[in-house]
1. Net charge within 14 Å of residue 160 by Cβ-Cβ distance, Lys/Arg positive one each and Asp/Glu negative one each, not counting residue 160 itself?
2. Hey, any idea what the orientation-averaged projected area of the convex hull of the range 190-289's Cα atoms comes to, in nm²?
3. Taking +1 at the Cβ of each Lys and Arg and -1 at the Cβ of each Asp and Glu, which of 152, 6, 255 sits farthest along the dipole of the chain towards its positive end, judged by Cα position relative to the Cα centre?
4. Find the Rg to Rh ratio for the range 30-110, where Rh is the Kirkwood radius over alpha-carbon pairs and Rg uses the same atoms.
5. Enumerate by residue number the trypsin sites (Lys or Arg not before Pro) in the range 212-248 meeting two conditions: DSSP loop (anything except H, G, I, E, B), and at most 10 other Cβ atoms within 10 Å of the site's Cβ.
6. I'd like the GluC sites (Glu not before Pro) in the range 1-103 restricted to DSSP loop residues with at most 11 other Cβ atoms within 10 Å, sorted by number.
7. Out of all Cα-Cα pairs in the chain, roughly what percent, to the nearest whole number, are more than 34 Å apart?
8. In the neighborhood of residue 37, defined by Cβ-to-Cβ distances under 15 Å, what is the net charge if each Lys or Arg adds +1 and each Asp or Glu adds -1?
Amino acid sequence: MSTEHIKTLIEGRIHEDGLMETGVKGVRLFRASAPIPCAPAVYEPSVIAIVSGSKEAVLDGKRHVYDDSRYLCCPMSMPLQAGTPDASPDTPLHGVLISLDQRVMTELVMEMDNTGGSMPVAKGRLPVQGIRLAGWDEAFCDALLRLLQLGTNQTDAAVLGDGRLRELYYAILNGEAGVFARQAFSAGNAIARSIAHLSSNLDAQISIDELATRAGMSRAVFHRKFKQVTTMSPIQFVKSMRLNNAAMKIAGGMTVNEAAIDVGYVSPSQFSREFKRMFGQSPRLWSDAQQAPVGVA
């Protein structure tokens, strides 16, 4: 496989910590040479592949560590904690972040279903959860290499980028996380659509009954299916999404009151109380303690 070629390409292209655009929409390289403790984050639909070092993500208390042997697949917006605790100047972290386009992924799933493309066979019991790790197989590796080989040539990226990105999506859907991803992007997945709606309307007052109605389910059925997919109840998920987003905004320099309003809290005291319950300190103390690292958590 071409993992060493991918590593060479990424390490040769990004020399400073942070995120770097590649010229292909939704594909960014990143680097970290200092440890970043796990902190509140919200992962949008994406795949994260590491070529040197390791990252970790914690979802509902479960720790997921991934490196150059496994990539992370997150097909829905998810509130979690993430960091790069082992990065150092001597052993910097390098990787690539690929956003998953909802329309293209759904089209691919439908085409695969319509042409009789069988679901990939999962090894062992497939846990139902908001994120999943998958091994670097040959198809994923080759597609990622072809995508990154476009380099910084704007014409190559404009002409070939969408096609090579689609090839990578196809490899993901056929890979170890394929069942999980295809379920999330299936045209009939009402839970994924509910999460997308919620993520786009965090500042609105959305009730669980409203989400259940939009999904065409009773409240009880919606609650059960939602927890199967995300590991959290709908109420827990909504609260985590709002508080994690608020924590990120505060770490990025927004005032506590602005962050609270921005994620839909009307009462400052309720926001402060729930923030402290989730993160162990008040938003004021959190604000004072934060020096936001440049974005690879």
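None of the figures in this text is laboratory data; all of them are computed from the coordinates on show. What you see is a predicted model, and the numbers here were worked out from it, not measured in a lab. With ideal geometry, Cβ positions are generated from the backbone for all residues, glycine too; neighbour counts draw on all protein chains shown.
1. +1
2. One quarter of the hull surface, i.e. the mean projection, equals 6.2 nm².
3. Selected residue: 255.
4. Ratio value, two decimals: 1.01.
5. none
6. Numbers: sites: 4, 11, 16, 21, 56; in loops: 16.
Taking the range 1-103 and a limit of 11 other Cβ atoms within 10 Å, the loop GluC sites (Glu not before Pro) found are 16.
7. Details: 9662 of 43956 pairs.
The share of Cα pairs beyond 34 Å in the chain comes to 22 percent.
8. Once positives and negatives cancel, what remains is 0.
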